[in-house]
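A.B. asks: So that we are looking at the same thing, I have put the structure below in structure tokens.
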Amino acid sequence: MKIVHFPHPALRYKAKPLTTIDKKLHLQVGEMFDLMYEARGLALAATQVALPFQFLVMNLTADPQEKDQEQVFLNPVIVERKGTIEDEEGCLSFPGLFQKVRRAKTVKVHAYNLKGEPVEIEAHDLAARAWQHEIDHLHGVLFIDKMGPVARLASRGALKEFEREFRKAQERGEIPENVEIERLLARLEAGEDVPPPSGSKESAEPRP
Ligand code: ZN
């Protein structure tokens, strides 16, 4: 498992709601926390590790020592939004890119925890921003879609560079071709036991 970067097709996949909580999910959640801390993130959505299911992990302290702050949410839905606030935002799938994005200041979320119990959360400011950003991920929506025209223009060069890097990684065989990724995501969604198509760190062939 690996955090995928833009423009990996998993980031545009509309994740399916989870219907079972099993050992596999617990293992995936553990791996996602490890990756999130390694990348110094506050939250990570399943689509960011090429898993087509609606769940996310969150620790707003970003501190692996603060285990009691770890939260896992399944099938989250925003049921209420209040106010708006513009602030700088980044994304683990766009390392190094930070831009101003307008979001609701307060949100109310309905979700399920890892025990399958329904939970209701009211979040403000940074937490509300994280929620909106992560829930967007589960629907294939990215923060670049939420940027205003100025931020979007300022991001153009960085996005082109992400696209170049992604294409090169595919040429090296580190990431499957897009059609293959789509096929694997569909198989995962159908419940088949295939590895998430997030790509391997090692290249398939030795590099010169
Ligand atoms: Zn993100």
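The values are calculated or read from the model by the stated rules, or taken from the named source; none is laboratory data. Owing to the predicted nature of the structure, the values given are computational and were not obtained by experimental measurement. For neighbour counting, all protein chains shown are included, and Cβ atoms are generated from backbone atoms with ideal geometry for every residue, glycine included. These accessible areas exclude ligands, DNA and RNA; they are computed on the full protein's heavy atoms, side chains included. Shrake-Rupley method; radii C 1.70, N 1.55, O 1.52, S 1.80 Å.
A.B. asks: Can you find a residue that is among the aromatic types (Phe, Trp, Tyr) and assigned to a strand (DSSP E or B) anywhere in the range 64-77?
C.D. replies: yes
A.B. asks: Would you point out which residue out of Ser198, Ser155 is surrounded by 12 or more Cβ atoms within 10 Å (Cβ to Cβ) and either at pLDDT 95 or above or part of a helix (DSSP H, G or I) (or both)?
C.D. replies: None of the other options fit; the residue is Ser155.
A.B. asks: For Ala111, all conditions in the list (1) within 30 Å of His26 (Cβ to Cβ); (2) open to solvent by less than 20 Å² (accessible area, probe 1.4 Å); (3) part of a helix (DSSP H, G or I); (4) of a type outside the set (Ser, Thr, Tyr) hold save one; what is the number of the exception?
C.D. replies: Ala111 satisfies every listed condition except (3).
A.B. asks: Let me ask something else. What pairs come up if the first residue lies in the range 98-119 and is over 19 Å from Ala151 (Cα atoms), the second is assigned to a loop (DSSP other than H, G, I, E, B), and their beta carbons are under 6 Å apart, counting only those six or more places apart or on different chains?
C.D. replies: Pairs found: Gly116/Ile21; Val119/Asn113.
A.B. asks: Okay, moving on. Against the condition surrounded by 15 or more Cβ atoms within 10 Å (Cβ to Cβ), part of a helix (DSSP H, G or I) and free of Cβ contacts under 8 Å to residues at least 40 places away in the same chain, how does Gln132 come out, does it pass?
C.D. replies: no
A.B. asks: Here's something else I'd like to know. Identify, from the list Thr47, Thr61, the residue that is hydroxyl-bearing (Ser, Thr, Tyr), touching a residue at least 40 places away in the same chain (Cβ under 8 Å) and either assigned to a helix (DSSP H, G or I) or surrounded by fewer than 17 Cβ atoms within 10 Å (Cβ to Cβ) (or both).
C.D. replies: Among Thr47, Thr61, only Thr47 is hydroxyl-bearing (Ser, Thr, Tyr), touching a residue at least 40 places away in the same chain (Cβ under 8 Å) and either assigned to a helix (DSSP H, G or I) or surrounded by fewer than 17 Cβ atoms within 10 Å (Cβ to Cβ) (or both).
A.B. asks: Count, please, the residues in the range 1-36 that happen to be more than 16 Å from the chain's Cα centre (by Cα) and open to solvent by 80 Å² or more (accessible area, probe 1.4 Å).
C.D. replies: 6
A.B. asks: So, one more: Filter the range 17-47 down to the residues that are in contact with a strand residue (DSSP E or B) (Cβ under 6 Å, 6 or more places away or on another chain) and away from the ligand (no atom under 12 Å from the Cβ) and list them by number.
C.D. replies: Within the range 17-47, Pro17, Leu18, Val29, Met32, Phe33 qualify.
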